[in-house]
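The values are calculated or read from the model by the stated rules, or taken from the named source; none is laboratory data. No experiment lies behind these values; they were computed from the predicted model shown. Glycine gets a Cβ as well: all are built from the backbone with ideal geometry, and neighbour counts include every protein chain shown.
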Amino acid sequence: MSMSLTLAQIAQQLNAELRGNAEQTITGLAGLAEATAQQLSFLSNPKYAPLLKTTAAGAVLVHPKQADQVQGNALIVPNPYLAFARLTHLFDDPAPAQAERHPSAVIHPTAQLHPSVSVGPHAVIEAGCVIEEGCLIGAQSFIDRDCVIGAGTKIYPRVTLYRRSQLGKNCILHSGVVIGADGFGFAPDGQGGWEKIAQLGRTLLGDEVEVGANSTIDRGALGDTIIGDQVKIDNHVMIGHNVQVGQGTAMAAFVGISGSTKIGAHCLLGGSSGYAGHISICDHVQITGMGMVTGSITEPGTYSSGTGLLPSQQWRKSAVRFRQLDDLHHKVRDLEKKCQQGQNASK
Amino acid sequence: MSMSLTLAQIAQQLNAELRGNAEQTITGLAGLAEATAQQLSFLSNPKYAPLLKTTAAGAVLVHPKQADQVQGNALIVPNPYLAFARLTHLFDDPAPAQAERHPSAVIHPTAQLHPSVSVGPHAVIEAGCVIEEGCLIGAQSFIDRDCVIGAGTKIYPRVTLYRRSQLGKNCILHSGVVIGADGFGFAPDGQGGWEKIAQLGRTLLGDEVEVGANSTIDRGALGDTIIGDQVKIDNHVMIGHNVQVGQGTAMAAFVGISGSTKIGAHCLLGGSSGYAGHISICDHVQITGMGMVTGSITEPGTYSSGTGLLPSQQWRKSAVRFRQLDDLHHKVRDLEKKCQQGQNASK
Amino acid sequence: MSMSLTLAQIAQQLNAELRGNAEQTITGLAGLAEATAQQLSFLSNPKYAPLLKTTAAGAVLVHPKQADQVQGNALIVPNPYLAFARLTHLFDDPAPAQAERHPSAVIHPTAQLHPSVSVGPHAVIEAGCVIEEGCLIGAQSFIDRDCVIGAGTKIYPRVTLYRRSQLGKNCILHSGVVIGADGFGFAPDGQGGWEKIAQLGRTLLGDEVEVGANSTIDRGALGDTIIGDQVKIDNHVMIGHNVQVGQGTAMAAFVGISGSTKIGAHCLLGGSSGYAGHISICDHVQITGMGMVTGSITEPGTYSSGTGLLPSQQWRKSAVRFRQLDDLHHKVRDLEKKCQQGQNASK
């Protein structure tokens, strides 16, 4: 029951210019090197242009500039990667045809679910929730009381929403996600112990937010934790209490953002990059992988930290010298002075 | 059904000195900048003292030294942050009024649950468990056989306890936590493969331990993994087999502690800091975020590693020079020698 | 109902040479320092050889070279650590005696389960799955449609397999694992937003793969994500879409591998080490903890990055100087030139 489309149908779908055989059948997508005659491919990175000569693909999505290099069928579009992204959805596994509520799901009588909402086996939806049109609530997910879930949002199995969390429209939450757990807040009790600070705020997600498997976004301590529209979050990300993230920002796996920090819009946060609390990152900032961000950033641009990778034996020497860097700096300053004195003396 | 208290009631609760209108009603808490006339705020960090002049808060918790600067109502206490922490619990969402056991929960007949224990929908409690007074076992949680859970402990939905795990009193485990999974132990089989070492120990948590969402604490290989009283653990933390953590230690998100390492009492472990296996950290050590701890620490104090953040273009230059640091060190030593020889020669 | 074996039985099991009392009863395993007269221990690291004189263990597994140093009973084998690993399984908690399918599990009528498969409470197995002989499907786990699970594989409670995932024989997946969630793929839509790229590939695991608690392995975008036989994965690991991992490779907690990267066979990836996308690591590479791998590696060996740990005050100085490293390099070069000129001048 797989998808099959002619190039004419695909061209119409994408509003693309078609060169070649309009009746060619396409049953799947693949990279230029792997594609067969029934598969469609794309050229986005010019580095791969030489593959246009050798690919067996049934058709290739290309920019007008590269169209002449395509040997077989070409679909010409201004942004081949974006067109490819749109096409992938046609070849995806189909969603369930109609709303189902598994009888094992436990739905509180005061929860308001649009009739089109599907609820998987063993899911639990508590009192006062509002779940809008077309949502999918995955098996074994837990939606605590008074949550609001916008239309078209898909929650995969085994997701938790703590009480009063709010999701916008067309969000996707992957398995293992935890939204709205307590922020990490404790006051020293003056005797070596800790007094827990009850976390009274909420977690609010905008529209079209995607959250990867096993990521967590904590609830606010007093105010709310706020994630903007179109924010894309990879697996194992941790967003602390009262963080704010601007729209369109994307963050790779293991990003950790400490409490009350503000991340701007359209930022790209590399994998395993970490952010101190109570700082502010402006819009259009990119942090490379493992970046250690301990202060605010006010200028757009790309930032990095770390030492790069070395053979361990060589690394150990550099690491020892790193410890002595301030000494080395002073030695060089002393040498410069002596050198200057020597030159002056010899004048 | 939100909470409402007079300042007189709050002052009594906190044993605070009240200056101002004892009948003022408080319905919530907020920061100095955001608080309204019905909300109570606090001053802990003196940096924010100027806000005392402008805040609209219905009352402010302050230290005696700052009391005179409060324009409106003041609640005077020796430790405003601690008093605030205690107050938050009054304004938290109320716990369920009475014990409930959802009929969909699967509880083995040999498990011993105090009558006051609540068990959520689709939870599973296996044979031989002992669950003490007042515990909450969240929906869809799995408590494997022979676990012991101390009085007052709260387990949020979707938590796993492997067999024979033990939790102390008044612990909190957030959603996604996994206690007692196998430690990472394999012996090379001499042929490029691995022989699994069955993990025979347990995981033991003390009293008042909090474990954040999706954190994991592995069971011991032979002996046990032991977490002391009042240890506070953020989200996505990983504690390996046979680790021991002393009381009152707090660890931020993504802390990873390798097997058999001992962490002292009252330590503060920064986010994403990592700890090699089989080392020992003494009491009262603080590690800053992303700290790389490869050896034992015997002196209390604060420790760091990493390079800080730079614009990527500048960072690339520094990273290249880091590789050459040992060379640079030797060049400077040579220059020092020559300079010394030059000076000697010119004497 | 704990295990009890004589040394004669154990010697036979391991094909070991026994010196001492063949009738000695062993009821458990322990380290040399902790073992009692009923417990068996082992010597693998020669560093601990002095403990052979003082241990109270009922017997010790040793290499022939150390056999003479054992005061009590000895079991002599060529690889004591491997022999110990094999023994641990005898003392592990027993698996359930016979297959059970809890009536609360929801198993689709088109799923094919071998009669010997056990399924825990509240588990969900969707249409078209094939689950082979002897598998255990833990409570509350979710196996989406068309998954294939090889014989002898054990899935702990609360695990998710997305549709069309495949596991080999004798795999172990710990609680919280998510296999086959969407890879992190989005195309910029040219207006500051993102177009999701549907993830059409699968996740394929070989035989005897172990995956630690809360780890995630994403499905491929077009092709598949492929994990080789005998790959051992610790907790909180993230493997991105279309990654390939060669057989026998082991990775510690918080390893993050970005999309389309190839990791060789028999590699050891240290905790929190990170791997850029689209790179290739050859066989027999070891990366130390927190290693930052941004380019391909073509030579076997051990590689590191990072700065090591310093007292924070000292670290701050080194971190400042790191920023100035390129300057320092140029200053030293200038000094070398002047020094050379000075020497030439004085000739």
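Observations
- Every residue from the stretch C:31-52 that is closer than 14 Å to C:Gly72 by Cβ and touching a strand residue (DSSP E or B) at 6+ places or on another chain (Cβ under 8 Å): C:Leu32, C:Ala35, C:Gln38, C:Gln39, C:Leu40, C:Ser41, C:Phe42, C:Leu43, C:Leu52
- The residues of the stretch C:251-271 that are among the hydrophobic types (A, V, I, L, M, F, W, C) and either farther than 16 Å from C:Gly295 by Cβ or modelled with pLDDT under 95 (or both), listed by number, are C:Met251, C:Ala252, C:Ala253, C:Phe254, C:Val255, C:Ala265, C:Leu268.
- Within the stretch B:283-295, the residues that satisfy the criterion of being more than 7 Å from every other protein chain (Cβ to nearest Cβ) and within 16 Å of the chain's Cα centre (by Cα) are B:His284, B:Val285, B:Gln286, B:Ile287.
- The stretch C:125-145, residues that are more than 13 Å from chain A (Cβ to nearest Cβ), buried (at least 22 other Cβ atoms within 10 Å of the Cβ) and within 16 Å of C:Arg164 (Cβ to Cβ): C:Cys129, C:Ile131
- Considering (1) under 25 Å from B:Arg333 (Cα atoms); (2) more than 8 Å from chain B (Cβ to nearest Cβ), the lone condition that C:Phe322 does not fulfil carries the number (2).
- Leading residue by the ranking (nearest to the chain's Cα centre (by Cα)) among those in the stretch B:225-242 that are more than 7 Å from every other protein chain (Cβ to nearest Cβ) and outside any loop (DSSP other than H, G, I, E, B): B:Ile233
- Of the residues making up the stretch C:308-319, none is within 10 Å of another protein chain (Cβ to nearest Cβ), under 19 Å from the mean Cα position of the chain (by Cα) and not in a loop (DSSP other than H, G, I, E, B).
- Scanning the stretch B:65-91 for residues that are without any contact (Cβ under 8 Å) to a residue 40 or more places away in the chain and surrounded by 14 or more Cβ atoms within 10 Å (Cβ to Cβ) returns B:Gln66, B:Gln69, B:Asn79, B:Pro80, B:Tyr81, B:Leu82, B:Ala85.
- Residue in the stretch B:204-224 that is in contact with a Pro (Cβ under 9 Å, 6 or more places away or on another chain), among the hydrophobic types (A, V, I, L, M, F, W, C) and within 10 Å of another protein chain (Cβ to nearest Cβ) present: no
- Any hit, the stretch C:88-103, residues being within 14 Å of chain B (Cβ to nearest Cβ), of a type in the set (Gly, Ala, Ser) and under 30 Å from B:Gly192 (Cα atoms): yes
- Residue list for the stretch A:90-109, filter: at pLDDT 95 or above and in contact with a Lys or Arg (Cβ under 9 Å, 6 or more places away or on another chain): A:Ile107, A:His108
- The residues of the stretch A:19-34 that are within 15 Å of A:Leu87 (Cα to Cα), surrounded by 14 or more Cβ atoms within 10 Å (Cβ to Cβ) and in contact (Cβ under 8 Å) with a residue 12 or more places away in the chain, listed by number, are A:Ile26, A:Thr27, A:Gly28, A:Leu29, A:Ala30.
- Number of the condition not met by A:Ala16 [criteria: (1) in contact with a Ser or Thr (Cβ under 9 Å, 6 or more places away or on another chain); (2) under 28 Å from C:Asn242 (Cβ atoms)]: (1)
- Matching residues, the stretch B:177-203, being more than 7 Å from chain C (Cβ to nearest Cβ) and not in a strand (DSSP E or B): B:Val177, B:Gly180, B:Gly183, B:Gly185, B:Gln191, B:Gln199, B:Gly201, B:Arg202
- Selection status of B:Ser141, farther than 16 Å from B:Val211 by Cα and among the polar types (S, T, N, Q): no
- None of A:Gly138, A:Gly128 is under 29 Å from C:Ile143 (Cβ atoms) and not assigned by TED's automatic domain parsing to the domain that holds A:Gly20 except A:Gly138.
- Only one entry in B:Pro103, B:Pro121 is assigned to a loop (DSSP other than H, G, I, E, B), without any contact (Cβ under 8 Å) to a residue 12 or more places away in the chain and not assigned by TED's automatic domain parsing to the domain that holds B:Lys232, namely B:Pro103.
Here is a yes/no grid of residues against (1) surrounded by 16 or more Cβ atoms within 10 Å (Cβ to Cβ); (2) not assigned by TED's automatic domain parsing to the domain that holds A:Gly201:
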| position | (1), (2) |
| --- | --- |
| A:Ala265 | yes, no |
| A:Leu268 | yes, no |
| A:Ile297 | yes, no |
| A:Ala319 | yes, yes |
| A:Lys337 | no, yes |
| A:Gln340 | no, yes |
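- When B:Ala57, B:Ala49, B:Ala8 are checked against the criterion of being surrounded by 14 or more Cβ atoms within 10 Å (Cβ to Cβ) and either within 20 Å of A:Gly223 (Cα to Cα) or modelled with pLDDT of 95 or more (or both), a single residue qualifies: B:Ala57.
- Where A:Phe184 falls short, out of the listed (1) in contact (Cβ under 8 Å) with a residue 60 or more places away in the chain; (2) surrounded by fewer than 24 Cβ atoms within 10 Å (Cβ to Cβ): (2)
- The single condition from (1) at pLDDT below 95; (2) more than 11 Å from chain A (Cβ to nearest Cβ) that C:Gly248 fails is (1).
- Given (1) touching a Cys at 6+ places or on another chain (Cβ under 8 Å); (2) of a type in the set (S, T, N, Q); (3) at the interface with chain C (Cβ under 9 Å from one of its Cβ atoms), number of the condition B:Thr298 does not satisfy: (3)
- Some residue of the stretch B:181-199 being within 30 Å of A:Ala198 (Cβ to Cβ), in contact with a His (Cβ under 6 Å, 6 or more places away or on another chain) and assigned by TED's automatic domain parsing to the domain that holds B:Thr261: yes
- Residues being assigned to a loop (DSSP other than H, G, I, E, B) and more than 10 Å from every other protein chain (Cβ to nearest Cβ) - total across the stretch A:261-282: 6
- Within the stretch B:146-176, the set of residues being facing chain C (nearest Cβ under 10 Å) and buried (at least 24 other Cβ atoms within 10 Å of the Cβ) comprises B:Arg158, B:Val159, B:Thr160, B:Leu161, B:Tyr162, B:Gly176.
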